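Data block below; observations after.
The values are calculated or read from the model by the stated rules, or taken from the named source; none is laboratory data. If you're wondering where the values come from, they're calculated on a predicted model, not measured in any experiment. Positions of Cβ are generated from backbone atoms using ideal geometry, with glycine treated the same way; all protein chains shown enter the neighbour counts. Note: areas computed on protein heavy atoms with side chains; ligands, DNA, RNA excluded. Shrake-Rupley method; radii C 1.70, N 1.55, O 1.52, S 1.80 Å.
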Amino acid sequence: MGYTSDDEKLLDEAYQDLLASCKKICKNDEDWNFIKRAYFLAKEAHQGIRRRSGEPYLLHPIAVAKIAVEEIGLGVKSVVASLLHDVVEDTDYTVEDIEHIFGPKIATMVDGLTKMSGVFNADTSEQAEYFRKVLLTLSDDVRVILIKIADRLHNMRTLQFMPRNKQIKITGETIYLFAPLAYRLGLYPIKSELEDLCMKYRFPEEYKQIKRKIEETEVARQEYIDRFCAPIIETLDRNNIEYEISGRIKSIYSIWTKMQRKQIPFEEIYDLFAVRIVFKALPFPSEKTQCWQIYSSITDIYAPKQDRLRDWISMPKANGYEALHSTVMGLDGAWVEVQIRTQRMEEIAERGFAAHWKYKKATLSQSDDAFDNWLKHIRDALSSPTENAVEFLDNFKLSLYTSEITVFTPKGEQRVLPFGATALDFAYDIHTKIGDKAIGAKINHKIEPITKQLKSGDQIEIITADTAKPKAEWLNLVTTTKAKQKITAFLKREQQNNVENGIAIFEEQLAKYNITLSGRVLRKVIPAYGCINKDEFYSKIGAGIISLDNLEKVLKSSSKSKILKFWKLWRDTDESNEQPSSADHDTASDDGSDEFVIARCCNPLPGDSVVGFRDPATGKIFVHKATCDELNRLASQFGKHIIKEKIKWSQHKAVSYLSGIELRGIDRMGLLLEIIQIVSGDFNINMREIHFGSHDGIFEGQISLYVQDAEALSSLMDKFRQIKGIDSVKRIMEEHRD
Ligand code: MN
């Protein structure tokens with residue numbers, strides 16, 4: 001079969017080792033046969049091929065399968081897919097062959113793994129495209145990406161056989177994408193190992209130095225840990241807790257990054273190690289309570305550092321991590337971090353995703369899961385093809401590590417906020433009063449709007465003003481639950497206060513006219529002020545949006561509205577011809593012989609001086625304003641169709657005419673409000689729509705509204721002209737009704 005006897009020996013050893021690992025995942029003969037078949041095919045397919053180390057290639061897929069089952073906790077299908085992961089890529093076998101032998105599920109997984117390999121060009125965008133392909137598999141089957149991480153881990157473990165240029169390329173990809181991905185999928189040990197391996201090849205000197213120092217201090221450290229743990233062990237034993245306690249040293253890479261970040265030597269890193277307690281939780285009370293009980297007994301021994309308590313049990317990290325971290329004052333005046341977690345939490349911390357799902361199935365209650373949300377977010381991001389690959393990747397990478405950001409108060413106090421938090425979130429995080437009064441922020445000593453999104457490491461000082469208060473729009477500018485809740489609470493309170501004030505003000509005004517508040521009164525005033533219901537009406541009065549200066553007029557005009565003017569068009573040829581007839585608001589006929597149509601180009605209103613133009617095609621008389629340009633154009637070309645007789649408006653039918661007004665002026669606070677008040681309050685006019693724009697301090701508005709006649713419109717326009725800052729008020733002639 002193209003393998004030497006030495007090869008066979010090596011392979012069989014590795015394979016037996018893998019099978020031993022698979023004991024915990026194989027349930028029946030079918031499972032075993034599945035794995036055996038995969039091994040047989042891989043062995044056949046890769047025969048004669050060797051890795052750079054000189055070993056048979058097959059050792060690689062076996063190793064990947066072993067990582068998948070042992071270090072990630074995946075199952076039988078994943079072992080099979082791992083064994084076959086390079087078969088389609090490197091040999092003559094096709095995905096169809098795999099499907100034929102192993103079924104569609106395995107074929108899809110192998111296909112996913114195959115698509116991810118290849119494309120290894122230095123070109124950035126192609127590189128990004130490659131990563132995008134890697135990530136796309138997340139949306140199909142997360143197992144594929146987990147196997148890819150296993151594959152990467154084994155390649156990193158055997159990187160010494162690669163030429164230098166390949167080492168740089170592979171470590172680059174690993175540190176850029178695979179380590180963050182492993183972190184995000186909750187695979188902490190793999191993430192740390194990938195980082196350490198990258199450092200080993202990229203910064204070998206620094207790596208060796210730190211490694212040596214860790215080894216040199218090993219004995220003293222272990223002795224310290226033993227002394228530190230002794231009283232904890234005693235109290236845990238006394239409480240009959242089943243547990244494991246150990247000192248965990250930081251990874252070389254994280255020590256190195258900390259040394260660089262803080263500009264300190266190895267000796268000054270105080271949190272070089274942490275003490276981890278993993279215990280077997282009892283069925284009762286809750287795991288959380290049991291963790292806190294242990295926390296409590298430890299802090300009876302060692303004093304906790306107030307601001308270094310991390311409760312990732314109440315609020316697990318986005319990657320599913322749960323634990324209680326506390327830093328306590330240990331022996332000899334040294335701070336020591338203690339991590340408390342249950343065996344279940346430990347498995348999730350070590351195995352990440354796979355363990356997470358295993359436990360999740362058992363406890364279906366965790367519906368609002370941060371990890372699920374993240375996966376959903378990734379799926380959404382991947383399915384939106386708008387971004388280019390490089391942009392996409394940058395955004396994606398941001399979401400890998402920075403699910404949380406750490407920012408600082410002006411005094412240097414740390415605050416942890418979710419990624420995407422704005423200065424306003426920070427303000428509310430400090431104190432509700434600061435959030436409610438916020439108007440801006442100094443971020444790293446630079447003035448920024450309150451909407452500015454924060455980055456890790458930002459130092460923020462909130463600028464407040466006594467007159468400031470939360471606005472409804474703020475709800476879209478915050479991400480933290482706290483800020484959302486506080487803003488909502490304020491708005492509700494304000495609304496309630498406004499309603500109460502509004503009722504008081506309204507009743508007081510009614511009393512002036514000896515009118516008592518009744519449903520009849522409300523039915524009259526609510527629409528008159530353009531409100532939908534009484535809550536809106538009262539709260540607008542309370543907030544000062546509606547002034548009741550013209551209440552008397554409204555109360556009276558409402559009753560008058562039943563005897564509105566009746567308008568109709570008629571030809572001034574026969575004075576007796578004044579029969580009321582049915583007509584809608586843009587057609588009218590006198591005695592049935594002529595049909596009048598209101599011309600859309602100029603939209604005349606009752607009271608306007610008008611001229612008729614008989615459309616030769618339909619025979620209808622189009623009524624234009626006497627000043628209409630379109631009429632002039634028609635008149636110059638088809639003069640004979642102009643109706644010689646005078647067209648007059650007569651009072652016939654209560655109708656409203658759609659009309660438009662254009663306003664221009666200098667923009668200022670409250671201008672729009674004043675306009676709306678005039679329309680809806682003073683004039684009892686129905687507004688259909690309003691467009692408002694402001695640029696470079698210039699206000700431009702178009703209002704379309706229903707008016708009864710030209711007189712009403714022109715008096716409304718006069719009122720607009722009196723508004724401070726308005727310098728032009730025009731009637732819009734081209735009315736587009738749709
Ligand atoms: Mn591989």
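What to note about this one:
- Count - residues of the range 140-165 that are modelled with pLDDT under 85, in a helix (DSSP H, G or I) and away from the ligand (no atom under 16 Å from the Cβ): 4
- Only one of the numbered conditions (1) open to solvent by less than 60 Å² (accessible area, probe 1.4 Å); (2) in a helix (DSSP H, G or I); (3) touching a residue at least 12 places away in the same chain (Cβ under 8 Å); (4) not basic (Lys, Arg) is violated by Gly247, and that is (2).
- Considering the conditions (1) over 18 Å from the mean Cα position of the chain (by Cα); (2) touching a residue at least 12 places away in the same chain (Cβ under 8 Å), Thr480 is excluded by exactly one of them, (1).
- The residues of the range 50-67 that are of a type in the set (A, V, I, L, M, F, W, C) and either more than 13 Å from the ligand (Cβ to nearest atom) or not in a loop (DSSP other than H, G, I, E, B) (or both), listed by number, are Leu59, Ile62, Ala63, Val64, Ala65, Ile67.
- When we screen Ile647, Ile621 for residues that are in contact with a strand residue (DSSP E or B) (Cβ under 9 Å, 6 or more places away or on another chain) and at pLDDT 75 or above, the only hit is Ile621.
- One residue stands out in the range 317-343 among those that are open to solvent by 50 Å² or more (accessible area, probe 1.4 Å) and not small (Gly, Ala, Ser): the one that is farthest from Pro283 (Cα to Cα), namely Asp332.
- Among the residues of the range 194-215, those that are closer than 13 Å to Ile249 by Cα and open to solvent by 50 Å² or more (accessible area, probe 1.4 Å) comprise Lys211, Lys213, Glu215.
- Verdict on Glu70 being modelled with pLDDT under 95, touching a helix residue (DSSP H, G or I) at 6+ places or on another chain (Cβ under 6 Å) and either within 14 Å of the ligand (Cβ to nearest atom) or more than 27 Å from Pro163 (Cα to Cα) (or both): yes
- Per this entry, Ile168 is counted among residues that are more than 14 Å from the ligand (Cβ to nearest atom), in the same structural domain as Cys198 (by TED's automatic domain parsing) and either modelled with pLDDT of 85 or more or among the hydrophobic types (A, V, I, L, M, F, W, C) (or both).
- Here Glu234 meets each of (1) more than 30 Å from Arg164 (Cα to Cα); (2) in contact (Cβ under 8 Å) with a residue 12 or more places away in the chain; (3) open to solvent by 90 Å² or more (accessible area, probe 1.4 Å) with one exception, condition (2).
- Residue identified as closer than 26 Å to Asp549 by Cα and in a loop (DSSP other than H, G, I, E, B) among Thr479, Thr467: Thr467
- Checking each residue in the range 32-49 for being away from the ligand (no atom under 14 Å from the Cβ), out of contact with any Cys (no Cβ under 6 Å at 6 or more places or on another chain) and either charged (D, E, K, R) or open to solvent by 10 Å² or more (accessible area, probe 1.4 Å) (or both) picks out Asn33, Phe34, Lys36, Arg37, Tyr39, Phe40, Leu41, Lys43, Glu44, Gln47, Gly48.
- Cβ pairs under 8 Å, 6+ apart, first in the range 79-90 and outside the structural domain of Phe102 (by TED's automatic domain parsing), second away from the ligand (no atom under 11 Å from the Cβ): none
- When the test is whether a residue is farther than 22 Å from Thr91 by Cα, assigned to a helix (DSSP H, G or I) and touching a residue at least 12 places away in the same chain (Cβ under 8 Å), Leu10 does not pass it.
- Scanning the range 81-93 for residues that are surrounded by 15 or more Cβ atoms within 10 Å (Cβ to Cβ) and either more than 12 Å from the ligand (Cβ to nearest atom) or more than 23 Å from Arg51 (Cβ to Cβ) (or both) yields Thr91, Tyr93.
- When the range 175-215 is filtered for residues that are outside any helix (DSSP H, G or I) and closer than 30 Å to Val144 by Cβ, the ones remaining, listed by number, are Leu185, Gly186, Leu187.
- When Gly54 is tested against the conditions (1) surrounded by fewer than 24 Cβ atoms within 10 Å (Cβ to Cβ); (2) closer than 26 Å to Val142 by Cβ, the lone failure is (2).
- Matching residues in the range 444-458 - criterion: being surrounded by 21 or more Cβ atoms within 10 Å (Cβ to Cβ) and more than 26 Å from Pro180 (Cβ to Cβ): Ile450
- Search result, residues across the range 405-416 that are surrounded by fewer than 22 Cβ atoms within 10 Å (Cβ to Cβ) and among the hydrophobic types (A, V, I, L, M, F, W, C): Ile405, Phe408, Val416
- In the range 96-105, of all residues being more than 16 Å from the ligand (Cβ to nearest atom) and of a type outside the set (Phe, Trp, Tyr), the one that is most open to solvent (accessible area, probe 1.4 Å) corresponds to His100.
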